[in-house]
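Scroll down for the structure; my scribbles are underneath it.
The values are calculated or read from the model by the stated rules, or taken from the named source; none is laboratory data. It should be emphasised that the depicted structure is a prediction, and the values quoted were computed from it without experimental measurement. Don't worry about glycine lacking a Cβ; one is built from the backbone with ideal geometry, like all the others, and counts go over all protein chains shown. Ligands, DNA and RNA are stripped out before the accessible areas are found, and what is left, the full protein with its side chains, is counted by its heavy atoms. Shrake-Rupley method; radii C 1.70, N 1.55, O 1.52, S 1.80 Å.
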Amino acid sequence: MIDKRVRSVEEAVSGIQDGATVMIGGFGRAGQPVELIDALIEQGASDLTIVSNNAGNGDVGLAALLAKRRVRKIICSFPRQSDSWVFDGLYREGGIELELVPQGNLAERIRAAGAGIGAFFTPTGVGTQLAEGKETREIDGRLYALEYPIRADFALISARKADRWGNLVYRETARNFGPIMATAASTAIVQVDEFVELGEIDPETVVTPGIFVDRVVAVGERGWLRDGEFVGGVDLEGNPISSGGEAFAGSGSAAAAALGEKTKEGSR
């Protein structure tokens, strides 16, 4: 019987070894697998190469993993924003290596790995430092640079729900990089809000087929989400963004609760 469900986030991230390349889904907070990242922090793997769109927000999730100095290198498209103080500090002191990749190139390099494509030409980045040292070719009068796929040992992904076969559906923007990362990693590890019975997911709505998923764990309703909407927390100026702060601080992981406690001073 095919059953890809595991009992805990700790079991889900077991076997991630030092030096592994780990893809982490998310677009800022949307779709970031916070509970799996927390479990990876507790698990202790270090010297990691992380592939993600962002380089962490605030002090939780991916930022918390960086703060523990478990990451040797990060490959991403958007490392700096107003709440990326953890990455900023590490980078300025030489504590982390950065490979900056334009967002479209990042997505296509990941997708190419899952599709079995050896390399591809793209005009994005040509004529800038990002294309220095790369093979170029003129095609139909336009210059293109050669890019190679990005593969990973593991992918950590967040989805809305799954069945025991690992078929996944997502919620809106939280889908982002999850589907392509699942195909590009040797082991795809997924957290979902809930499990459903086989047949409850309309096959026409399955975004990531279970064949690409290796482990899936249900984390339940998260304290920083309510009906799929963010609650609690602060805006970039440190002001409360909703009236749901009590529910936010009183449930979910400790890391998630910490999102609601960042002050104006920290936001700067």
Original post:
What's the Kirkwood radius of segment 1-143 in Å, using all Cα pairs?
Top reply: 16.7
Original post:
Taking the Cβ of N54 as the center, what net charge do the other residues with Cβ under 11 Å away carry, scoring Lys and Arg +1 and Asp and Glu -1?
Top reply: +1
Original post:
What nm value, rounded to one decimal, do you get for the distance between L146 and Q17 when each label is placed 7 Å out toward the C-beta?
Top reply: 3.0
Original post:
Can you give the relative contact order of segment 20-84 as a percent, counting alpha carbon pairs under 8 Å and 6+ residues apart?
Top reply: 35
**OP:** Based on alpha-carbon positions alone, could you give the equivalent ellipsoid semi-axes of segment 49-120 from the gyration tensor, as √(5λ), descending, whole Å?
**Re:** 24, 11, 11
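Quick one: net charge around V126, please, counting Lys, Arg +1 and Asp, Glu -1 for every other residue with C-beta under 12 Å from its C-beta.
Values: positive: K134, R137, R142; negative: E132, E135, E138, E147.
That works out to -1.
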**OP:** Specify whether the C-alpha gyration tensor of segment 5-77 places it in the rounded, prolate or oblate class, a ≥ b ≥ c being the square roots of the eigenvalues: rounded for a/c under 1.5, otherwise prolate if a/b is larger than b/c and oblate if not.
**Re:** oblate
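Give me the accessible area per residue for segment 105-164, probe 1.4 Å, as a whole number in Å².
Numbers: 3070 Å² over 60 residues.
Result: 51 Å² of accessible area for each residue.
Can you give the local net charge around S14? Use residues other than it whose beta-carbon is closer than 13 angstrom to its beta-carbon, Lys and Arg +1, Asp and Glu -1. Spell out each step's value before the answer.
Details: positive: R7, R215; negative: E10, E11, E42, D214.
The answer is -2.
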Subject >> Debye intensity ratio in log₁₀ form over the Cα atoms of segment 83-164, taken at each q of 0.10, 0.22, 0.24 Å⁻¹ >> reply: -0.38, -1.10, -1.16
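Where a ≥ b ≥ c are the square roots of the eigenvalues of the C-alpha gyration tensor, would you call segment 149-219 rounded, which needs a/c under 1.5, or, failing that, prolate if a/b is larger than b/c, or oblate?
On the way: a/c = 1.70, a/b = 1.57, b/c = 1.09.
Prolate, because a/c is 1.5 or more and a/b exceeds b/c.
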Original post:
Is the shape of segment 98-221 rounded, prolate or oblate, going by the alpha carbon gyration tensor and its root eigenvalues a ≥ b ≥ c, with a/c under 1.5 for rounded and a/b larger than b/c for prolate?
Top reply: prolate
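Given the peptides 139-148, 207-216, arrange them by the average over their residues of other C-beta atoms within 10 Å, most packed first. Spell out each step's value before the answer.
Values: 139-148: 13.4, 207-216: 19.7.
Averaged packing, sorted descending, gives the order 207-216, 139-148.
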Original post:
Alpha carbon centre of segment 95-127 versus segment 20-50: separation in Å?
Top reply: 20
**OP:** Run through the DSSP bridge list for segment 117-191 and note the antiparallel percent, rounded to the nearest 5.
**Re:** 60
